[in-house]
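I'd like to ask some things about the structure below.
What follows draws every value from the coordinates through simple rules; no lab data is involved. The structure displayed is predicted, hence computed values, not measured ones. Note that each Cβ is placed from the backbone with ideal geometry, even for glycine, and that neighbours are counted across all protein chains shown.
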Amino acid sequence: MTDLTDLTFAPGRTALEAVGLGARHRRHRWALRECSFRVPAGRVCALVGPNGAGKSTLLSLAAGLMRPAEGRLRVFGGEAGGAGVRPRVAYVAQDKPLYPDFTVADTLRMGRHLNPGRWDAAGAERIVRGGDLSPGARVGTLSGGQRTRLALALALGKRPELLLLDEPMSDLDPLVRHEMTALLMAEAAERGTTVVIASHILAELEEVCDYLLLVAGGRVRLAGEVEDLISAHRLVVGRHEEAGTPRAFAPHTVVESRTTGRQLTALLRTDGPVAGAWQVSEPTLEELLLAHLRSPGAPPLLAPSAEPRTPSYRTATGRKEAA
Ligand SMILES: Nc1ncnc2c1ncn2[C@@H]1O[C@H](COP(=O)(O)OP(=O)(O)OP(=O)(O)O)[C@@H](O)[C@H]1O
């Protein structure tokens, strides 16, 4: 039986904590609603979900560019966007907003000016030089990938404790993507930076992320260590000729079940072994995510390390106070 309470519950620091978080863009419908989760510090967290799920909204809130309409979001224990928090957070938005009339050198100078006492000039210049970007080139003349490189240099030069990346690699060629990913991971490992990466490229995330936040329809569906979330599920394949759900599945939660001819394939959140002549295996991250995305009605799962520690969250959900 997979008991999540036995799995890693490191009592370390908290990078992000949302409690009852809700957000809307002006008077539009809710982009996020009733989101409660925690991301421990030092993790590399994949933020995944379908188009319009609320990923960019969540990153904007964490960066302090937007305020919650309800509930709250804390970054390292302070209100997101607060004066004590902002210098510790870097955000690379999807459209990489940079000043088109600035040169590459101007942009790096701006980084130094905006981050007194923190700016890693040598590191930022190294990233820029790696891409053969001429210091005198105007930002407006750079290719999409070159702008991404400059935006990453600006973000990493800030030596952030929390790095928020919104689909950062989508316009990079495979070689540069590989190089940038390695660089980000080296930074994260060396400085213990918490990284949250929103991306649709699951293969890329699987390689680098140890934590997962799956958002769909503005709600959190899965949160926790990738390993723990995977090991809480089983992929079950076998012959099934009767109508309805196999009786052997009754003790478990069926996230998704599909039948092709006489073959049934199901993703279960298991509570003990699955009885019967089924082929049972651990799902890959992709299988886990796809099954949850195809089944919006499946109950959400927060690993213990992803549960907020705020007493009000625990009281509201009837959970016991943290020890
Ligand atoms: N500026 C805006 N004005 C109005 N509604 C918005 C705005 N930005 C986002 N939304 C809405 O908020 C919801 C969440 O959008 P968000 O951009 O956060 O999703 P996402 O998960 O990042 O999507 P994608 O994968 O397509 O980038 C969507 O319904 C979207 O239409």
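Stretch Arg239-Arg67 to full length: gain in nm at 0.36 nm per residue minus the Cα-Cα span?
56.8 nm
Could you bin all the Cα-Cα distances of the chain into 10 Å bins starting at 0 and give me the percent of pairs in each, rounded to whole numbers?
Spelled out bin by bin, the chain gives 6, 25, 30, 22, 12, 4, 1, 0 percent.
Throw me the Rg/Rh for region 160-269, computed over C-alpha atoms with Kirkwood Rh, two decimals.
Using Cα coordinates only, the ratio equals 1.11.
Same structure again: What list of ³J(HN,Hα) couplings, whole Hz, do you get for region 186-199 from phi and the Karplus terms 6.51, -1.76, 1.60, once you set θ to phi - 60° and write x for glycine and proline?
The phi angles translate into 4, 4, 4, 5, 5, 9, x, 5, 7, 10, 10, 10, 8, 7 Hz.
Between Val280 and Arg27, 0.36 nm times their residue separation minus their Cα-Cα distance comes to what?
Value of the extension gain: 86.4 nm.
Roughly how many nanometres apart are two label points built 7 Å out from the Cα toward the Cβ at Phe102 and Asp271?
Placing both labels 7 Å along Cα→Cβ, they lie 5.5 nm apart.
HN-Hα J couplings of region 291-301 from phi, Karplus 6.51/-1.76/1.60, θ = phi - 60°, integer Hz, Gly and Pro as x?
4, 5, 5, 7, 10, x, x, 5, x, x, 9
Next up: How big is the antiparallel share of DSSP beta bridges in the chain, given as a percent to the nearest 5?
Close to 65 percent.
Here's another thing I want to ask about it. For Arg294 and Thr141 in the same chain, what is the full-extension length gain: residue separation times 0.36 nm, less their Cα-Cα distance, in nm?
Stretched fully, the Arg294-Thr141 segment lengthens by 50.9 nm.
Please compute the modelled spin-label separation between Arg126 and Ala250, points set 7 Å along Cα→Cβ, answer in nm with one decimal.
In this crude spin-label approximation the distance works out to 6.1 nm.
Which value in nm describes the separation of the simple spin-label points at Glu179 and His113, placed 7 Å from the Cα toward the beta carbon?
The modelled label-to-label distance comes out at 2.8 nm.
According to the square roots a ≥ b ≥ c of the eigenvalues of the Cα gyration tensor, what is the shape class of region 74-172, taking rounded for a/c under 1.5, prolate for a/b larger than b/c otherwise, and oblate for the remainder?
prolate
How high is the relative contact order of region 233-298, in percent, with contacts defined as C-alpha pairs under 8 Å that are six or more residues apart?
Contact order relative to length: 42 percent.
When 1/r is averaged over all different Cα pairs and the result inverted, which Kirkwood radius in Å belongs to region 96-253?
Across region 96-253, the inverse of the average 1/r is 18.3 Å.
May I pose another question? 222 nm [θ] for the chain, helices only, -39500 (n - 2.57) per DSSP H run of 4+, per residue, to 500?
Estimated from H runs of four or more residues: -8500 deg cm²/dmol.
Follow-up. With Kirkwood's inverse mean 1/r over C-alpha pairs for Rh, give me the Rg to Rh ratio of region 233-298, two decimals please.
Over the Cα atoms of region 233-298, Rg/Rh equals 0.92.
Then there is this: Under a 5 Å amide H to amide H cut-off, with H placed in plane at 1.01 Å, what residues pair with Ser36 once short-range neighbours are removed?
Gly20, Leu21, Val220
In debye, nearest 20, what is the charge dipole magnitude of the chain about its Cα centre with +1 on Lys and Arg Cβ and -1 on Asp and Glu Cβ, if you could check?
In total the dipole reaches around 1240 debye.
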